[in-house]
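To start, the structure itself, in structure tokens.
The values are calculated or read from the model by the stated rules, or taken from the named source; none is laboratory data. Bear in mind the structure is a predicted one, so any value in this text is a computation, not a measurement. Backbone-built Cβ (ideal geometry, glycine too); neighbour counts: all protein chains shown.
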Amino acid sequence: MRDTQYGNWQRHAAILPSAYVSMIDKAGGIPMIIPPAGDMSNLLESIDGLIVSGGPDVSPSRYGQEPGPMTKEFYPEQDETEMGLISSALEMDMPILGVCRGMQILSIAHGGSLHQHLDDTPGHEGHGGYDGVSTDHDVIVEKDSILAGLMGTSFTVNSTHHQGVADPGTLAVSAIAEHDGLIEAVERRDKKFCIGVQWHPERKGHHLLFAALVEAARG
């Protein structure tokens, strides 16, 4: 939750871009928004799949670091809600799709860590757009991955993030950026469906990811 324009007023609000809702609806699912309000894991009994969306930075305390100079916007309550949802969903083997921040916090939930600012990280300077700017680049996908089975072994994604996954923990890396090797997708192959992607598929028209999530949720 954060301050945003709401009608004619500036209000503290829980918000989600409508593209997520549209993509789930087009895939034949019924979208439901879960607000960041502490432990919301009891709501998982009412749904069949979980998307952890993009958003602000994850608090560095979640992966044992102090905030760097470019880590300025993070919300511990949102972190707490999402970590709880991820943990419970994994226990239930509920299908999960993590998008951008969602992939990052999914990695942290598996013992991983982040690069706090890519432009200050050797080898990843100028990785791509952030702070409202979006750029495109290609990714290379592991041939035996679940992601490759859905989308192929090479395609173009968008980049609109200043942080990235440094260590995915126990997750398998399924895609990297072609130009600098940054981790772009992760997955768990022992679960019904558990994929995280660094890009925003809801903005890129990558409907196959959402369709696969809905299909797994139905199963």
Of Gln104, Gln116, Gln65, which residue is of a type outside the set (A, V, I, L, M, F, W, C) and within 14 Å of the chain's Cα centre (by Cα)?
Gln104
Tell me which residues, restricted to the range 52-75, are within 18 Å of Ile15 (Cβ to Cβ) and surrounded by fewer than 18 Cβ atoms within 10 Å (Cβ to Cβ).
Pro56, Glu73, Phe74, Tyr75
Going by the structure shown, is Gly49 buried (at least 17 other Cβ atoms within 10 Å of the Cβ) and either touching a Lys or Arg at 6+ places or on another chain (Cβ under 9 Å) or farther than 14 Å from Ala14 by Cα (or both)?
yes
Looking only at strands (runs of 3 or more DSSP E) that lie completely in the range 140-207, which have at least 2 residues being hydroxyl-bearing (Ser, Thr, Tyr)?
154-159
Output yes when any residue across the range 7-16 is within 19 Å of the chain's Cα centre (by Cα) and either closer than 20 Å to Thr160 by Cβ or at pLDDT 95 or above (or both), and no when none is.
yes
Residues satisfying the stated conditions in the range 111-129, i.e. in contact with a Ser or Thr (Cβ under 6 Å, 6 or more places away or on another chain) and either outside any loop (DSSP other than H, G, I, E, B) or closer than 17 Å to Ala175 by Cα (or both)
His115, Gly128, Gly129
Residue that is surrounded by the fewest Cβ atoms within 10 Å (Cβ to Cβ) [pool: residues in the range 162-209 that are over 22 Å from Asp25 (Cα atoms), touching a strand residue (DSSP E or B) at 6+ places or on another chain (Cβ under 9 Å) and β-branched (Val, Ile, Thr)]:
Val173
By residue number, the members of the range 100-148 that are under 23 Å from Pro60 (Cβ atoms) and of a type in the set (Ser, Thr, Tyr) are Ser107, Ser113, Thr121, Tyr130
I'm trying to understand the selection: among the residues of the range 46-76, which are modelled with pLDDT of 95 or more and either charged (D, E, K, R) or in contact with a Phe, Trp or Tyr (Cβ under 7 Å, 6 or more places away or on another chain) (or both)?
Asp48, Ile51, Ser53, Asp57, Val58, Ser59, Arg62, Glu66
List the residue pairs whose Cβ atoms are under 7 Å apart, where the first residue sits in the range 148-173 and is at positive phi, the second is surrounded by 15 or more Cβ atoms within 10 Å (Cβ to Cβ) and among the small types (Gly, Ala, Ser), and the two are 6 or more positions apart or on different chains.
Gly169/Ser107; Gly169/Gly112
Of the conditions (1) under 19 Å from Gly112 (Cβ atoms); (2) surrounded by fewer than 23 Cβ atoms within 10 Å (Cβ to Cβ); (3) touching a residue at least 40 places away in the same chain (Cβ under 8 Å), Ala212 clears all except one; give me its number.
(1)
Could you pull out the residue among Gly28, Gly132 that is assigned to a loop (DSSP other than H, G, I, E, B), closer than 21 Å to Lys204 by Cα and in contact with a Lys or Arg (Cβ under 9 Å, 6 or more places away or on another chain)?
Gly28
